[in-house]
Every structure is written in structure tokens, then in C-alpha cells.
Amino acid sequence: MTGSGQTARRGKRWIEEWDPENEEFWAEKGEKTANRNLLYSVFSEHIGFSIWTLFSVLVLFMGDEYGIDAAGKFFLVSVATLVGACVRVPYTFAVARFGGRNWTVFSALMLLLPTTAAFAVMEPGTSYGTFLLVAALAGVGGGNFASSMTNINAFFPLHRKGWALGLNAGGGNIGVPVIQLVALLVIAVAGDGRPRVLLAVYMPLIIVAATLAWLRMDNLAPVRNDTGAAKESVRDAHTWIMSFLYVGTFGSFIGYSFAFGLVLQTQFDRTPLQAAAVTFIGPLLGSVIRPVGGWLADRYGGARITLWNFAAMAGATAVVVFASVRESLPVYLVGFVALFLFSGLGNGSTYKMIPGIYQAKAFAMGLRGEQANTYARRLSGAAIGLIGAVGALGGLGINLAFRQSFLANGNGTAACVAFLVFYAVCFVVTWAVYLRGPRTRAARADGADDPEPRQPAYAGV
């Protein structure tokens with residue numbers, strides 16, 4: 001991307017020319033600038049994830065005196081998940097409209113809305129409708145991921161995107177276990193009747209994140225919203241296929257992050273302190289391993305890593321189902337932690353696939369060099385926001401499935417069986433679309449196998 005032909009935007013934090021695929025430019029100043037923006041983007045997104053999952057820990061403070069049953073609590077976290085998924089689409093396009101640095105500042109300050117609102121109402125006697133409204137406000141934290149990923153995607157060259165996007169997302173995802181750890185500390189020290197202490201911790205952190213973004217991040221002037229690319233990505237089947245696969249990876253991660261503590265309390269009769277003491281482990285491991293998923297995808301191909309990752313997720317889910325039926329908490333915890341681990345790994349590998357898919361499409365269209373790079377950037381940048389939004393809806397599905405399973409059966413076994421079947425479908429889709437080798441025209445005509453099968457077009461994505 002370069003700034004030629006664009007109207008210069010005034011201000012020292014605007015970069016008018018940016019060409020990360022140029023090796024000389026990247027070595028001289030591009031890498032340093034990109035890494036600096038990545039660092040502060042990670043911190044802001046980290047706080048955003050913490051606030052998005054705020055109600056996954058606030059429900060641990062809601063004892064019998066609040067008058068809200070398990071189904072009502074699952075619905076509260078579902079509302080936050082839904083809003084977070086929906087706001088990802090406008091947040092994606094806001095980066096090009098207002099600048100990555102400017103939007104990071106604004107989106108960070110927006111997190112003060114749900115925290116101050118929760119601080120005001122978090123006490124017994126507050127109506128359920130009020131809690132639903134505050135949970136919806138907490139959903140704005142989910143949008144920070146989309147704008148952050150879109151922004152960082154523009155800073156890095158294709159061969160570094162897997163690691164950079166994985167690190168950015170993984171650092172953000174860690175916001176989930178961190179707020180769970182802070183909640184554990186609050187419950188252990190102040191008791192489960194002091195939720196406002198948790199909120200008081202995060203209010204100044206939000207201000208710090210916005211201030212650092214204002215002082216240290218940059219806007220990329222060459223980044224523009226490309227409505228043509230957006231429309232093309234919506235019409236492209238790969239956008240929806242990858243959205244489906246991302247439901248399986250990120251949707252699982254965020255859905256389980258919201259639901260895990262509630263499941264432990266409801267199905268295994270854990271106290272708030274007992275639930276909080278283990279809830280953070282799975283999201284922490286899933287967050288830390290996400291950059292590894294991106295690195296493995298860079299090295300071996302995102303489709304291959306994603307394929308076997310779904311097989312591993314299905315295996316971990318089978319362990320969870322077995323433990324649920326046998327009512328074995330230790331085995332249940334092992335299976336669930338493994339599920340978090342593999343969902344995090346898959347988050348990194350699936351996101352790496354997106355720019356690779358459009359690079360492969362560009363080559364298939366006969367484009368080479370900078371033309372291919374430009375096409376891949378346009379389409380992947382437009383698709384990332386939509387894929388992230390649809391993927392987050394998987395978290396809504398998981399919480400609603402658990403809610404229905406507990407209403408019907410008193411446990412989450414039926415929901416986990418449904419998740420196992422879904423992962424099996426994801427495995428088949430990944431293999432069929434991105435790894436199955438094409439056959440020659442003659443072989444297709446007579447039904448025989450291709451004696452010399454060619455490399456699948458998307459095997460390296």
C-alpha cells in the first residue's frame with residue numbers, strides 16, 4: 001500500500017505511505033513501526049476481551065439473593081455474546097474511516113460505559129431487565145477484536161501475518177482468563193458479595209489503554225474502505241466457509257469462556273470460589289497457544305493444522321461427554337481444558353488461512369507479484385471483519401445450547417454431544433474444500449482416480 005494518489009491527512013500520527021511487502025521498506029522502518037502498533041493494539045484489545053466477558057464472572061457473584069436461575073444467567077452471557085458479534089462488522093470498517101489509532105482510542109473509552117453501568121447496578125434487587133441492558137453494553141468489548149485485527153492486518157506483510165495476527169488475537173484473548181483471575185482474587189479476599197471491587201480495578205486500566213493508544217499508535221492513511229472488495233467478499237463462498245470454520249474455533253473459545261464457570265456451578269455444585277479457581281485455566285491456555293497456531297499455519301499450511309485440530313476438538317469433546325455421563329469432575333476438567341487448548345490453536349490456524357486463500361485465488365486468476373498481493377489484501381481485509389463477526393456468533397450458539405440442555409435435562413451433556421457432531425462436520429468441510437486433491441478432467445469424466453493427482457489449490461493456505 002502506498003499513499004500515492006491519496007489526499008494527505010494532517011497530523012503527526014498519520015502515516016501517508018506504507019508498503020510492507022517491500023523488503024527494503026520493511027527492514028528500514030516498517031517492522032519497527034508495525035511491532036510498536038501491535039504492542040499497544042494487543043493491550044487495548046486485551047481489555048476489550050475482559051469487558052466483553054465481564055458477565056461470565058459477574059454471574060459468579062450473583063447468589064440466590066439476586067433471584068436469577070441458571071437459565072437466566074446463561075441468557076445474560078448470551079446477550080453480551082450476541083452484541084459483541086454484531087458490533088464487529090461496523091468496527092471493522094471504522095478503522096479505514098477514522099484511522100486505526102483514533103478508533104483504538106475511541107473503542108477503548110467505550111468500555112467505560114458497561115463498567116460504570118455495572119458498578120451502579122450490581123446489587124440484589126436490581127431488575128433482570130436492567131442486567132440484560134448492562135450485559136448488552138458489555139458486548140461493545142467484542143468489537144475491539146475486529147477493529148484491532150483489521151488494523152494489524154494492514155501493518156504486516158503476508159509472510160508475517162500468521163504470527164502477527166495470532167499474537168494480536170492471543171494477547172487479546174488472554175483478557176478472558178485475566179479477568180477471571182482478578183475475579184478469583186476478589187472473591188478470595190473480599191468475598192463473593194463485592195463485585196464492585198472487580199469493576200473498580202478495570203476502570204483505570206481502560207483509561208491507561210486509551211492513553212497509550214493515543215500517544216504511541218499510528219493511523220495508516222493508505223487504508224481505505226473498499227466497498228467493492230466488501231461486496232466481492234460477501235459473494236465469495238470462501239468467506240462463508242471460513243466463517244463456518246471460525247464458528248468452530250473462535251466460537252467455541254468464547255462460548256466456553258462465557259459458560260464454563262456457570263456449568264461448574266450448576267452441574268457440579270461448585271461454589272463461586274471453587275468455580276473461579278479453575279475457570280481461568282482453559283481460556284489462559286487457549287489464548288497463549290493461539291500464536292502457535294498461527295506459526296504452525298505459516299510453516300505447514302493453515303488448512304492442514306485446522307483439519308487435525310478439529311479432530312482433536314472432537315476427541316476432547318468426547319471426553320467431556322463421557323465425564324458428564326459418569327459425573328466425574330476431574331475427567332470433565334481435563335477434557336474441557338483440552339477443548340480450550342485446541343480451540344485456541346485452531347483460532348490461529350483458521351485466521352492465517354484467510355489471506356492465504358485469497359492469495360491462492362489471485363494466482364488461480366493469473367495474477368502475480370504486487371497485483372496478487374493487492375488482491376489478497378483487499379479481499380482478506382474485507383472478509384476478516386465478517387468472518388470474525390459470524391465466528392463470534394458461535395459463542396451465542398454454545399451458551400443457548402447449554403441453556404436449553406440444562407432446562408431440558410439438568411446437565412450439559414446433550415449440548416456437548418451436539419458440539420461433537422459439529423466438529424466432525426467442520427473436519428469434513430476443511431478436508432473437502434481445502435485439502436482434497438483435484439482430479440484431471442478425464443478422470444472426473446470416467447469416475448477413475450487421477451493417476452497423478454495435483455496439489456490441492458488451497459493446501460498451503
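What the table shows:
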read-out	value
One residue from Arg304, Arg299 being surrounded by fewer than 22 Cβ atoms within 10 Å (Cβ to Cβ), at pLDDT below 95, closer than 19 Å to Ala424 by Cβ and in contact with a helix residue (DSSP H, G or I) (Cβ under 9 Å, 6 or more places away or on another chain)	Arg304
Answer residue from the stretch 398-435, given it is more than 14 Å from Leu245 (Cβ to Cβ) and among the hydroxyl-bearing types (Ser, Thr, Tyr) and is surrounded by the fewest Cβ atoms within 10 Å (Cβ to Cβ) among those	Thr413
Hits in the stretch 61-88 (condition: hydrophobic (A, V, I, L, M, F, W, C) and open to solvent by less than 10 Å² (accessible area, probe 1.4 Å))	Phe61, Met62, Phe74, Leu76, Val77, Ala80, Ala85
Only one of Ile68, Ile47, Ile51 that is outside any helix (DSSP H, G or I), under 30 Å from Phe260 (Cβ atoms) and touching a residue at least 12 places away in the same chain (Cβ under 8 Å)	Ile68
Search result, residues across the stretch 359-371 that are free of Cβ contacts under 8 Å to residues at least 40 places away in the same chain, closer than 21 Å to Ile241 by Cβ and assigned to a helix (DSSP H, G or I)	Ala362, Phe363
Among the residues listed as Ala27, Ala80, Ala34, Ala96, the single one being in a helix (DSSP H, G or I) and within 23 Å of Ala401 (Cα to Cα)	Ala80
Some residue of the stretch 113-135 being polar (S, T, N, Q), closer than 29 Å to Asn168 by Cβ and open to solvent by 20 Å² or more (accessible area, probe 1.4 Å)	yes
Qualifying residue in the stretch 268-288 (condition: over 25 Å from Leu167 (Cα atoms), open to solvent by less than 10 Å² (accessible area, probe 1.4 Å) and either out of contact with any strand residue (DSSP E or B) (no Cβ under 6 Å at 6 or more places or on another chain) or of a type in the set (S, T, N, Q) (or both))	yes
All positions within the stretch 375-397 that are touching a Gly at 6+ places or on another chain (Cβ under 8 Å), open to solvent by 10 Å² or more (accessible area, probe 1.4 Å) and among the aliphatic types (A, V, I, L, M)	Leu393, Leu396
Any hit, the stretch 229-249, residues being over 23 Å from Phe342 (Cβ atoms), small (Gly, Ala, Ser) and open to solvent by 60 Å² or more (accessible area, probe 1.4 Å)	yes
Residues within the stretch 127-157 that are hydroxyl-bearing (Ser, Thr, Tyr) and in contact (Cβ under 8 Å) with a residue 40 or more places away in the chain, tallied	4
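The values are calculated or read from the model by the stated rules, or taken from the named source; none is laboratory data. Worth saying up front: this structure is predicted, and the values here are computed from it rather than measured. Note that each Cβ is placed from the backbone with ideal geometry, even for glycine, and that neighbours are counted across all protein chains shown. What goes into the accessible areas is simple: the full protein's heavy atoms, side chains included, and nothing from ligands, DNA or RNA. Shrake-Rupley method; radii C 1.70, N 1.55, O 1.52, S 1.80 Å.
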